[in-house]
Each structure stands twice: as structure tokens, then as C-alpha cells.
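Every number in this text was worked out from the coordinates using simple rules, so none of it is lab data. Every value quoted in this text rests on a predicted model; they were computed, and no experiment measured them. In this analysis, Cβ positions are derived from the backbone assuming ideal geometry, glycine residues included, and neighbour counts consider all displayed protein chains.
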Amino acid sequence: MKAFQGASSSSIQRWTYDVFLSFRGKDTRKTFIAHLYTALRRNGINTFMDDKLRSGDEISPALLKAIEESTISIIVLSKNYASSHWCLDELIKILECKKIWKQHVLPVFYHVDPSEVRNQTNNVGEAFVKLEERFKHHHRKVQSRKTALSQVANFSGKLLGNRHF
């Protein structure tokens with residue numbers, strides 16, 4: 001395990017995972033993510049993939065801890081990524097870890113253009129309309145998620161189009 005200096009000089013963080021995978025299960029679990037996870041593990045890369053959350057559950061403290069304890073977060077942005085409040089909560093935490101602990105973040109644009117994510121158009125925009133309806137009294141929460149998506153869409157990443165994996 002590697003150690004690094006955290007937010008305060010007196011705290012030392014230990015990496016538990018090499019990679020944390022953030023993805024929308026309905027879009028990518030049985031296709032791209034299954035192959036990516038297998039390839040990473042086969043190459044000795046300790047990868048966290050949560051496949052035990054059930055719809056309606058709150059994002060768990062264990063999941064947030066896994067994000068904090070990962071060297072790299074791979075965010076697989078798909079057409080329906082923004083429709084998941086879990087994914088958006090993960091994204092907020094990942095960006096926090098990038099800022100505080102310099103965690104590496106790699107966005108993968110899976111069947112979605114970075115400009116759709118950045119500008120919240122098409123499916124991403126539709127997801128935010130629904131999110132705004134659901135959280136109409138929590139404007140800051142919605143706005144922080146929009147800002148996070150725009151921010152991650154500006155990172156250097158990988159664009160994957162209509163390929164089969």
C-alpha cells in the first residue's frame with residue numbers, strides 16, 4: 001500500500017484500492033464494466049466495484065470510504081449516468097478526493113459525447129429536469145451536480161462510441 005499526505009499534515013491516508021469504478025449499472029454493468037473489471041483484476045489491479053446497492057438505498061459510508069481509499073477513479077459516463085442520484089453523489093465525492101488528495105480521475109464517455117455531459121443536453125439534460133423536479137427545494141444540491149458533471153467533462157478522458165466489448 002502507498003501512503004500520502006491528506007488534508008492535514010498530521011493525517012496519513014492509506015490506499016486500499018488502485019481503482020474505484022463509478023458507473024450506471026443499467027447502461028454498462030454487463031457490457032463494458034464487466035470486461036473492464038475483469039481486465040483490471042487479471043492484471044493485478046485492486047479494483048473496487050460496488051454491485052450490491054439496491055435501488056432506493058442511500059449511498060453507504062463504506063462506498064464513500066472506498067472512493068477515499070482509491071488511487072484512481074474511473075468514471076464511466078453513459079447516457080443515463082446523470083439519472084442516478086448514487087452516481088452523482090459518487091461523482092461529488094470523487095471530485096472532492098481529487099481536490100483534497102490529488103486523486104487521479106479518468107472519465108470514460110461511453111456512448112455519450114463530452115459536450116452532452118458538459119452542457120447537460122439530450123439524455124443528460126432530461127435527467128436533470130427530473131432531478132430538479134425531485135429536489136425542487138434543494139436547488140444547491142442540483143446545481144452542485146450540474147457543476148460536477150461540467151467539470152468532469154472538461155477532464156482529459158476516453159471516448160468510446162458504438163463498439164461492442
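Place the peptides 108-119, 36-47, 92-103, 19-30 in order of packing, highest mean first, counting for every residue the other Cβ atoms within 10 Å and averaging per peptide.
Order by mean packing, descending: 19-30, 108-119, 92-103, 36-47.
Reachable lysines from residue 130, Cα under 20 Å, same-chain residues fewer than 8 places away excluded?
Cα-Cα hits under 20 Å: 26, 79, 141, 146.
Quick check: pseudo-label points 7 Å beyond the Cα along Cα→Cβ at residue 104 and residue 46, how many nm apart are they?
Between residue 104 and residue 46, the simple spin-label model gives 1.6 nm.
Work out, step by step, the length gained on full extension between residue 118 and residue 135: first 0.36 nm times the residue separation, then minus their alpha carbon distance; give nm to one decimal.
Gain in length upon complete extension: 4.0 nm.
For the range 34-48, take each phi angle, set θ = phi - 60°, evaluate the Karplus expression 6.51 cos²θ - 1.76 cosθ + 1.60, and give the result in whole Hz per residue in order, putting x for glycine and proline.
Those phi angles translate into 4, 6, 4, 4, 4, 5, 4, 5, 4, 8, x, 9, 5, 10, 9 Hz.
Say a paramagnetic label sat at a point 7 Å from the Cα of residue 147, along Cα to Cβ; which residues of the range 83-110 have their backbone N under 14 Å from it?
Zone members listed by number: 92-93, 95-96, 99.
Rounded if a/c is under 1.5, else prolate if a/b beats b/c, else oblate: with a ≥ b ≥ c from the C-alpha gyration tensor eigenvalues square-rooted, which is the range 95-150? All intermediate terms of the calculation are to be shown ahead of the outcome.
Numbers: a/c = 3.16, a/b = 1.24, b/c = 2.54.
Cα axes put the range 95-150 in the oblate bin.
Can you tell me how much longer the chain between residue 155 and residue 64 gets when fully stretched, taken as 0.36 nm per residue apart minus their C-alpha distance, in nm with one decimal? Working shown, then result.
On the way: separation 91, 0.36 × 91 = 32.76 nm, distance 2.17 nm.
Value of the extension gain: 30.6 nm.
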